[in-house]
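K.L.:
I'd like to ask you about the structure that follows.
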Amino acid sequence: MIREKVAVLISGSGTNMAALLYASRAEDCPFEIVLVASNDPAAKGLVLAEAEGVPTFALSHKGVARAEHDKAMDAAIRESGAQWVALAGYMRILTPEFVAGWEGRMVNVHPSLLPKYTGLHTHERAIEAGDSHGGVTVHLVTAELDDGPILGQTPVAIIPGDTPETLAARVLIAEHQLYSRCLAHLVTGDKSAQ
Ligand SMILES: Nc1nc2c(c(=O)[nH]1)N[C@@H](CN(C=O)c1ccc(C(=O)N[C@@H](CCC(=O)O)C(=O)O)cc1)CN2
Ligand SMILES: NCC(=O)N[C@@H]1O[C@H](COP(=O)([O-])[O-])[C@@H](O)[C@H]1O
């Protein structure tokens, strides 16, 4: 099987990256991870990627203009041969120019049921609002933050006594399951249900 090449962008622990990587090890998986890149050279996910034999790239965004940092990240991604980009806890808002170069080929996993709670601190806001559920959304990335076409969602019940941390831990389980399914459907052009 010819597999689609995916670059995964992270900023931290990279558990979503790990979930995509291990999903890609299945023989029927239509994608492979060809690069793990980060805006934080200290991101723990880079250590795992290297241990798993996946090429990595890291460039701190600190003291670098956003557009220049994006250009460097884009160059590394294209150098890797990646055909798709998966943001996996990548904590930088991308410039319109970067996004335009990957229109329809870049996805993100967001820890809320979009369009509710774009941006950060999603679990905190869902709990404070008294919502019955939080959840996860996988969507195409557009210039507008967390606003792209939705590829899949999983609701996660909020239980009495939940803190942002306890809810985040359950949502992360749903993220790990949903992301690889949505990415596989995307790269194969499969429009069926998630
Ligand atoms: N142009 C786009 N860029 C990004 C998108 C997107 O949809 N369009 N998704 C985000 C992912 N994300 C939420 O899912 C997100 C990441 C980061 C931020 C943010 O406010 N970042 C700040 C820095 C915050 C920090 O360092 O803690 C910033 O970039 O200045 C909001 C939402 C990825 N990019
Ligand atoms: N707005 C982006 C955002 O908040 N992303 C969230 O960061 C976490 C990264 O975890 P990971 O590094 O273990 O995959 C995940 O929960 C992901 O949804």
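The values are calculated or read from the model by the stated rules, or taken from the named source; none is laboratory data. Given the structure is predicted, the values throughout are model-derived calculations rather than measurements. Virtual Cβ from ideal backbone geometry, glycine too; neighbours counted across all protein chains shown. These accessible areas exclude ligands, DNA and RNA; they are computed on the full protein's heavy atoms, side chains included. Shrake-Rupley method; radii C 1.70, N 1.55, O 1.52, S 1.80 Å.
K.L.:
Viscosity 1.306 mPa s, temperature 10 °C: give me the Stokes-Einstein translational D for the range 125-164 in µm²/s, with Rh taken as the Kirkwood radius over C-alpha pairs.
P.N.:
138
K.L.:
Apply the Debye scattering formula to the range 53-166, with a single equal point scatterer on each alpha-carbon and no solvent, then give log10 I(q)/I(0) at q = 0.12, 0.13, 0.19 Å⁻¹.
P.N.:
Once normalised to I(0) and log-transformed, intensities are -0.51, -0.58, -1.01.
K.L.:
Can you work out the FRET efficiency for the pair Glu124 and Val47, with r the C-beta to C-beta distance and R0 = 25 Å, to the nearest 0.05?
P.N.:
For R0 = 25 Å, the calculated efficiency reads 0.30.
K.L.:
Evaluate the relative contact order of the chain (contact order divided by residue number), counting alpha-carbon pairs under 8 angstrom at least 6 apart; express in whole percent.
P.N.:
That works out to 20 percent.
K.L.:
Using a 1.4 angstrom probe and counting only protein chains, how large is the accessible area of Ile127 in Å², to 10?
P.N.:
Surface open to solvent at Ile127 totals about 50 Å².
K.L.:
Right, next: Would you please calculate the Kirkwood hydrodynamic radius of the range 1-94 over all C-alpha pairs and express it in Å, rounded to one decimal?
P.N.:
For the range 1-94, the Kirkwood estimate is 13.2 Å.
K.L.:
Something else now. Just for the chain, what percent of DSSP beta bridges are antiparallel, to the closest 5? Don't skip to the end; give the middle numbers.
P.N.:
Values: 11 of 28 bridges.
DSSP beta bridges in the chain are roughly 40 percent antiparallel.
K.L.:
Which of the peptides 102-113, 44-55 is most tightly packed, and how do the rest follow, going by the mean number of other Cβ atoms within 10 Å of each residue?
P.N.:
Highest to lowest by the protection proxy: 102-113, 44-55.
K.L.:
Give the ranking of Thr15, Thr95, Thr188 by solvent-accessible surface, highest area first, calculated with a 1.4 Å probe. Can you show the working numbers first?
P.N.:
Numbers: Thr15 50, Thr95 20, Thr188 80 Å².
Correct descending sequence by accessible area is Thr188, Thr15, Thr95.
K.L.:
While we're looking at this one, here's another question. Compute log10 of I(q)/I(0) for the range 125-194 with the Debye formula, placing one identical point scatterer on every Cα and leaving out solvent, at q = 0.19, 0.21 Å⁻¹, to two decimals.
P.N.:
Debye curve over Cα of the range 125-194, log10 I(q)/I(0) at q = 0.19, 0.21 Å⁻¹: -0.81, -0.92.
K.L.:
Would you calculate a helix-derived [θ] at 222 nm for the chain, using -39,500 (n - 2.57) for each DSSP H run of n ≥ 4 and dividing by the full residue count, to the nearest 500? Numbers along the way, then the final one.
P.N.:
Details: 6 runs with 69 residues, N = 194.
Helix-only estimate at 222 nm: -11000 deg cm²/dmol.
K.L.:
With a 1.4 Å probe and all protein chains kept in place, how much accessible area does Lys71 have, in Å² rounded to the nearest 10?
P.N.:
130
K.L.:
Treating each Cα of the chain as an identical point scatterer and ignoring solvent, apply the Debye formula and state log10 I(q)/I(0) at q = 0.12, 0.14 Å⁻¹.
P.N.:
Values returned for q = 0.12, 0.14 Å⁻¹ are -0.56, -0.77.
K.L.:
Also: If amide H atoms are built 1.01 Å from N in the plane of the peptide, which residues on other chains or at least 5 residues away come under 5 Å of the amide H of Leu151?
P.N.:
Those lying under 5 Å, H to H, from Leu151 are Val138, His139, Leu140.
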